[in-house]
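**Q** The structure that follows is given in the form of structure tokens.
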Amino acid sequence: MAREIALLGGSFNPPHVGHLMAAYWTLATQDVAEVWLMPAYQHPFGKELAPFEDRLEMCRIAAQALRGVHACGAEAELAGDPLVGKTARVLEHLAKKHPRDRFALVLGTDILPDTAKWYRFDRVKELARIVVVGREGYPEGAETLPLLPRVSSTEIRQRLSRGEDASPFVPRKVLAYLQERGLYRG
């Protein structure tokens with residue numbers, strides 16, 4: 001019997017407690033075997049990101065907090081592919097690599113309006129069941145869902161660059177890793 005794996009993608013720049021809340025909600029409410037945190041190899045809209053290896057390692061560290069949550073570096077496996085970073089291409093790659101599994105794609109209500117701009121979103125829906133997570137501040141599309149708190153990687157990076165405390169927003173071990181590596185300093 002095929003298991004279903006939920007993919008929670010994002011820049012994870014850095015991963016934060018909102019990501020873990022979304023992963024836990026998915027595990028608790030959806031019939032999935034696991035949730036994979038899947039950092040983008042490169043940002044689809046060209047935003048600058050911390051090195052992929054650091055973001056993947058921070059996802060691994062964050063995932064340790066929840067049984068059934070893991071980090072997935074699939075996008076790096078497509079480095080050099082002209083469609084790297086396109087969700088449809090990543091799903092095709094994962095379907096080929098894990099032919100016995102099915103996939104679900106976790107999308108926050110903040111992302112839903114952007115799916116019209118995605119490369120082959122029709123193909124994404126063929127390859128993965130869409131799971132919508134409600135986000136505070138983006139209630140449209142979440143009428144029947146609890147809203148997870150608004151936690152922003154951008155704000156976290158700004159706090160860190162100013163030397164301010166980000167501990168309420170970042171898992172403790174992730175915060176220790178990024179401080180040790182000197183990430184997001186002014």
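**Q** For the range 74-97, how many residues are open to solvent by less than 20 Å² (accessible area, probe 1.4 Å) and among the small types (Gly, Ala, Ser)?
**A** Step one: filter the range 74-97 for residues open to solvent by less than 20 Å² (accessible area, probe 1.4 Å), giving 74-75, 78, 84-85, 88, 90-91, 94.
Next, from what is left, pick out any that are among the small types (Gly, Ala, Ser): 74, 85, 88.
Residues meeting the conditions: 3.
**Q** Among residues belonging to the range 166-186 that are in contact with a Ser or Thr (Cβ under 7 Å, 6 or more places away or on another chain) and not in a helix (DSSP H, G or I), point out the one that is surrounded by the most Cβ atoms within 10 Å (Cβ to Cβ).
**A** Start the filter on the range 166-186 by keeping residues that are in contact with a Ser or Thr (Cβ under 7 Å, 6 or more places away or on another chain), which leaves 175, 184-186.
When the remaining residues are screened for being not in a helix (DSSP H, G or I), the result is 184-186.
On the way: Tyr184: 18, Arg185: 12, Gly186: 6.
Looking at the filtered set, the residue picked out is Tyr184.
**Q** Among the residues of the range 42-65, which ones are crowded, with 17+ Cβ neighbours inside 10 Å and in contact with a Leu (Cβ under 7 Å, 6 or more places away or on another chain)?
**A** Ala50, Asp54, Arg55, Met58, Cys59, Ala62, Ala63
**Q** Taking the range 99-114 as the region of interest, how many residues are loosely packed, with under 15 Cβ neighbours inside 10 Å and assigned to a helix (DSSP H, G or I)? Quick ask: steps written out before the conclusion?
**A** Initially, the range 99-114 is screened for residues loosely packed, with under 15 Cβ neighbours inside 10 Å, giving 99-101, 113-114.
Still in the running and assigned to a helix (DSSP H, G or I): 113-114.
Total meeting the criteria: 2.
**Q** If Leu37 satisfies every condition in (1) more than 18 Å from Phe169 (Cα to Cα); (2) touching a residue at least 24 places away in the same chain (Cβ under 8 Å); (3) surrounded by 15 or more Cβ atoms within 10 Å (Cβ to Cβ) but one, which is the exception?
**A** (1)
**Q** Of everything in the range 147-165, what is part of a loop (DSSP other than H, G, I, E, B) and within 19 Å of the chain's Cα centre (by Cα)? Give them in sequence order.
**A** Start the filter on the range 147-165 by keeping residues that are part of a loop (DSSP other than H, G, I, E, B), which leaves 149-152, 162-165.
Within the range 147-165, Pro149, Arg150, Val151, Ser152 meet the criteria.
**Q** Across the range 2-15, what is the total count of residues that are open to solvent by 10 Å² or more (accessible area, probe 1.4 Å) and more than 20 Å from Leu112 (Cα to Cα)? If you could, list the steps in order and put the result at the bottom.
**A** Pass one, the range 2-15, residues open to solvent by 10 Å² or more (accessible area, probe 1.4 Å): 2-4, 8-11.
Add one more test, that the residue is more than 20 Å from Leu112 (Cα to Cα), and what stays is 2-4.
Counting residues in the range 2-15 that are open to solvent by 10 Å² or more (accessible area, probe 1.4 Å) and more than 20 Å from Leu112 (Cα to Cα) gives 3.
**Q** Confirm whether Phe121 is more than 15 Å from the chain's Cα centre (by Cα), surrounded by fewer than 17 Cβ atoms within 10 Å (Cβ to Cβ) and either of a type in the set (Ser, Thr, Tyr) or closer than 30 Å to Ser161 by Cα (or both). Break it down stepwise before answering.
**A** On the way: more than 15 Å from the chain's Cα centre (by Cα): yes; surrounded by fewer than 17 Cβ atoms within 10 Å (Cβ to Cβ): yes; either of a type in the set (Ser, Thr, Tyr) or closer than 30 Å to Ser161 by Cα (or both): no.
Criteria not met by Phe121.
**Q** Yes or no: Ala88 among the aliphatic types (A, V, I, L, M) and part of a helix (DSSP H, G or I)?
**A** On the way: among the aliphatic types (A, V, I, L, M): yes; part of a helix (DSSP H, G or I): yes.
For Ala88, the condition - among the aliphatic types (A, V, I, L, M) and part of a helix (DSSP H, G or I) - is met.
**Q** When you scan the range 131-165, how many residues do you find that are at pLDDT 85 or above, surrounded by 16 or more Cβ atoms within 10 Å (Cβ to Cβ) and under 13 Å from Leu107 (Cα atoms)?
**A** The qualifying residues number 6.
The values are calculated or read from the model by the stated rules, or taken from the named source; none is laboratory data. Computed from a predicted model, the values in this text were never measured in an experiment. So basically every Cβ, Gly included, is an ideal-geometry build from the backbone, and we count neighbours across all protein chains shown. SASA here: full protein model, heavy atoms, side chains in, ligands and nucleic acids out. Shrake-Rupley method; radii C 1.70, N 1.55, O 1.52, S 1.80 Å.
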